[in-house]
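Asks: One structure is given below, represented as structure tokens, and several questions about it will come after.
The values are calculated or read from the model by the stated rules, or taken from the named source; none is laboratory data. Remember, predicted model here, so these are calculated numbers, not experimental data. So basically every Cβ, Gly included, is an ideal-geometry build from the backbone, and we count neighbours across all protein chains shown. Note: accessible area is taken over every heavy atom of the protein model, side chains too, but ligands, DNA and RNA are not part of it. Shrake-Rupley method; radii C 1.70, N 1.55, O 1.52, S 1.80 Å.
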Amino acid sequence: MAKAMTVKEALAKLEEKSGEKVSESKAIKLYGQVPPIEKMDASLSILINCEKLSMSTNCIGKIANLNGLNNLKILSLGRNNIKSFNGLEVVAGTLEELWISYNLIETLKGIESMKKLRVLYMSNNLVKEWGEFSRLANLPCLADLVFVGNPLEEKQSAQGIWMDEASKRLPNLRKLDGTPIIKQEVDEADGES
């Protein structure tokens, strides 16, 4: 089997192909590398201007080495082998969107630090419990969530209660699994005569 590509090698390849310095780029695309990237290594620290980092469709096992990415707003890590949110806390002050579908995440421990997160796409992971899902209520800016394909969503959807139950637990949510959430507003004036 081919040796995994390092981030350093992928960045050099990207620089050669684009003719631009990766340290100056706002968007870095390292998705679908052949051979795949397995580790988020310390080479990422040179991406000081990066606002969007795409590392989907690789074989990354854990989130690491994001310190130094002080401008990171969008992180795309879908279709990897990631099991937890550990490692994200270093970008908690800037990260607004996390795309992490098709991974192996069972627990949402650590997501609470992501206070600026507006968009979370985490379909097709392994979250089974409402207790884990409820951690998302600690994200004050979360407006758009894709959670379809997690065991919790599949079970609740089969019972016909997913949308109601999920939106009840996350009252600030505006979109769930691509569907806008329409809230019934109680008109305070109705009770007065």
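Asks: What residue among Ala92, Ala166, Ala12 has the largest mean-square fluctuation in a Gaussian network model of the chain, using Cα springs under 10 Å?
Replies: Ala12
Asks: Let me ask you something else. Given a 1.4 angstrom probe, I'd like the percentage of the accessible area of the chain that is carbon and sulfur, rounded to a whole number.
Replies: Carbon and sulfur atoms account for 51 percent of the accessible area of the chain.
Asks: Continuing with this model, one more query. What fraction of the DSSP beta bridges in the chain is antiparallel, stated in percent and rounded to the nearest 5?
Replies: Taking every DSSP beta bridge with both residues in the chain, the antiparallel ones total about 10 percent.
Asks: Using the heavy atoms of the protein chains alone and a 1.4 angstrom probe, what is the accessible area of region 1-122 per residue in square angstrom?
Replies: Result: 51 Å² per residue.
Asks: With a point put 7 Å past each Cα toward its Cβ, work out how far Ala2 is from Lys109 in nm, to one decimal.
Replies: 3.6 nm
Asks: Give, rounded to the nearest 20 debye, the magnitude of the charge dipole that the chain has about its Cα centre when Lys and Arg contribute +1 at Cβ and Asp and Glu contribute -1 at Cβ.
Replies: In debye, rounded to 20, the chain gives about 900.
Asks: At 7 Å along the Cα-to-beta-carbon direction for both Ala12 and Arg169, put a label point, then send me their distance in nm to one decimal.
Replies: That separation, rounded to one decimal, is 4.6 nm.
Asks: Name the most mobile residue of Ser123, Ser101, Ser25, meaning the one with the largest mean-square fluctuation, in a Gaussian network model of the chain with Cα contacts below 10 Å.
Replies: Of Ser123, Ser101, Ser25, the Gaussian network model singles out Ser25 as fluctuating most.
Asks: Cβ under 12 Å from Val146's Cβ, Val146 left aside: what net charge do those residues give with Lys, Arg +1 and Asp, Glu -1?
Replies: Once all neighbours under 12 Å are counted, the net charge is -3.
Asks: If I fit a long axis through the Cα atoms of helix 7-18 and take the longest principal axis of the Cα atoms of the chain, what angle between them do I get, 0 to 90°, rounded to 10?
Replies: Roughly 80 degrees, rounded to the nearest 10.
Asks: Can you give the local net charge around Gly93? Use residues other than it whose beta-carbon is closer than 15 angstrom to its beta-carbon, Lys and Arg +1, Asp and Glu -1.
Replies: Net local charge, Gly93 excluded: -1.
Asks: Find which of Leu66, Asn125, Phe85 sits farthest along the positive direction of the dipole of region 53-133, computed with +1 on the beta-carbon of Lys and Arg, -1 on that of Asp and Glu, about the Cα centre.
Replies: Of the listed residues, the answer is Leu66.
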